[in-house]
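Heads up, the thing below is written out as structure tokens.
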């Protein structure tokens, strides 16, 4: 181990502890990851490691199961301690099964059986699929309203401006751009002035650059309006402008579909590489055209309307925007609620009992933990500007738990926790973040794999496409670093003010065009895998010494998650892993990797990552070995495949149990009563 080093720039959320700081990380990966997590948690509980663990960190699919599993135990513990549920939690009665020693989600439990019966929770049958498709179409149309109204409003304003300035006028029944020489000369002068004054911009440099670009664009826009109008009004096609525009949109959709299919592909053939790059360039151009062409047409039409008519149309568009701000916030027009309801079907907290089914949506944030249980960390990603993120990727970690909501990248003083470097947040009270947060909301946010902003996977063109077709699973959450402004007035007005402050059409446009920032009142949160799909980094941030990482990766070497976490741990926390190139060649399902914190000394207890991967070997149960060889997809089912068979679910649960059992042997944990700080772990098996 290396000697102590300065680590003041690293954001930790725990004081240095002894060897018995245990954490369990459950990676993302859809249903596949959820079933692996279930098997691992069952063994962790049976072995007593879950009771000894300080934290359970879960991402995306792993959070489905971890939240249901631990919330069930937290609610049962609260019910035993406070009969009658005086604290406002959901009604709870453990029922006969729990009295007989079979807690929820244990082996052979009613919850496990409920999952098998609800594997098609995204679409149970034809009627459910039909209603789901209808709901999507309605949400799509609703989602397009803010885009259309902003374009109409901007078109009316610019059209009236150009008409007043005589920059656009009909000539021989055709729209023409006038004063081209003056406008181009003025645009050139503005550009040159921007270059000469650039060093004087100071703190407002970013805004000044955009101001220069915007002014140049306004001066040259009439020429683009005329060009677009003539292209769409050409007599080459015997069809109306609307039909031609629809045909162009259909062509762009075809290009978009081709790009989405090849977005993450790599070709060794040089010709294929060039074709892919050309296709992606066409996609980028087409996505910009989808927004720009309607704006150009709106400007051209408005420039030929009387001022009163243009004002009336623009006023109507503005009124629609104001109504949408009040009655249709950005989170309501997304697919979040649909996704949440679907998750509620399968991952129930309690499947049987005196009070019926208890679902994730019944569990408030503050009731997800009880004394004697590890603290659950539901890990998501917050999307920021590249300049605001440590790696310049435009994202950072965002964590939900019963006593901590926030991100070290935004503010070290998350609500109710104090400074992370000044104490243990687990000892603080729950934050006054948002009393309406429920477990289902957090799980849906952590599993929001498809969204316009996807952390390090965000693309400018795909961002626009996903926003327009309403593939928006991400959520807008209140920024915990900004204290909400409370309006003290009559109750109806308070409600109106709260609705006005919610993310609305402006936020929808930000999803499409970017511009997200840690300074905004609301933050856009998406899948935890968009930053760290392993969940390990947040356990390192809390200084765990022994970490069991259930990795649900499906790449050839099962190293996608671990290589990412090693890089993030180094840059975010100064943690170094002793993993050499042999790790890249290893196909062992259980691997132990030593790591050290930046302030560790030679006397510090060793840190170990127990990496549990989905490699199949001959020591595993024969049925899952056979299943892995009959080309059914196990254990590499695609993350987007949410329709696994019961046999696959059983195989993943069994694999999770096997991995954690052998991970316990590799960890060689000290007995529960041994807490001395200097006693390192004994070497067992191969260590990297």
Query raised in the report: In region 75-91, which residues are modelled with pLDDT of 65 or more and surrounded by fewer than 24 Cβ atoms within 10 Å (Cβ to Cβ)?
Result: 76, 77, 78, 79, 80, 81
Query - Filter result (assigned to a loop (DSSP other than H, G, I, E, B) and buried (at least 20 other Cβ atoms within 10 Å of the Cβ)) within region 438-469 - result: 447, 448, 449, 451, 452, 453, 454, 458
Query raised in the report: What residue, of 615, 637, is modelled with pLDDT under 90 and either under 27 Å from residue 347 (Cβ atoms) or surrounded by 16 or more Cβ atoms within 10 Å (Cβ to Cβ) (or both)?
Result: 637
Query - Single condition residue 181 does not satisfy, out of (1) crowded, with 16+ Cβ neighbours inside 10 Å; (2) more than 30 Å from residue 447 (Cβ to Cβ); (3) at pLDDT 90 or above - result: (1)
Query - Test for residue 659: is it outside any helix (DSSP H, G or I), touching a residue at least 60 places away in the same chain (Cβ under 8 Å) and either on the phi < 0 side of the Ramachandran plot or crowded, with 22+ Cβ neighbours inside 10 Å (or both) - result: no
Query raised in the report: Does residue 535 satisfy the criteria of being assigned by TED's automatic domain parsing to the domain that holds residue 649 and at positive phi?
Result: yes
Report summary line: Exception for residue 364 within (1) more than 25 Å from the chain's Cα centre (by Cα); (2) in the same structural domain as residue 51 (by TED's automatic domain parsing) falls at (1)
**Report entry** Condition broken by residue 679, with the remaining ones in (1) surrounded by 14 or more Cβ atoms within 10 Å (Cβ to Cβ); (2) out of contact with any helix residue (DSSP H, G or I) (no Cβ under 7 Å at 6 or more places or on another chain); (3) modelled with pLDDT of 85 or more satisfied
**Finding:** (3)
Query raised in the report: So which residues in region 37-54 are in contact with a strand residue (DSSP E or B) (Cβ under 7 Å, 6 or more places away or on another chain) and more than 22 Å from residue 526 (Cα to Cα)?
Result: 40, 44, 49, 52, 53, 54
Query raised in the report: Does residue 154 qualify as being surrounded by 15 or more Cβ atoms within 10 Å (Cβ to Cβ) and farther than 15 Å from residue 310 by Cα?
Result: no
Query raised in the report: Given 449, 444, 426, which one is within 28 Å of residue 29 (Cβ to Cβ), in contact with a strand residue (DSSP E or B) (Cβ under 8 Å, 6 or more places away or on another chain) and at pLDDT below 50?
Result: 426
Report summary line: Scanning region 391-411 residue by residue, those part of a loop (DSSP other than H, G, I, E, B) and closer than 13 Å to residue 480 by Cβ turn out to be 401, 403, 404, 407, 408, 409, 410, 411
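The values are calculated or read from the model by the stated rules, or taken from the named source; none is laboratory data. Note that the structure is predicted; figures quoted are calculated from it, not measured. No Cβ is skipped: glycine too gets one built from the backbone with ideal geometry, and neighbour counts run over all protein chains shown.
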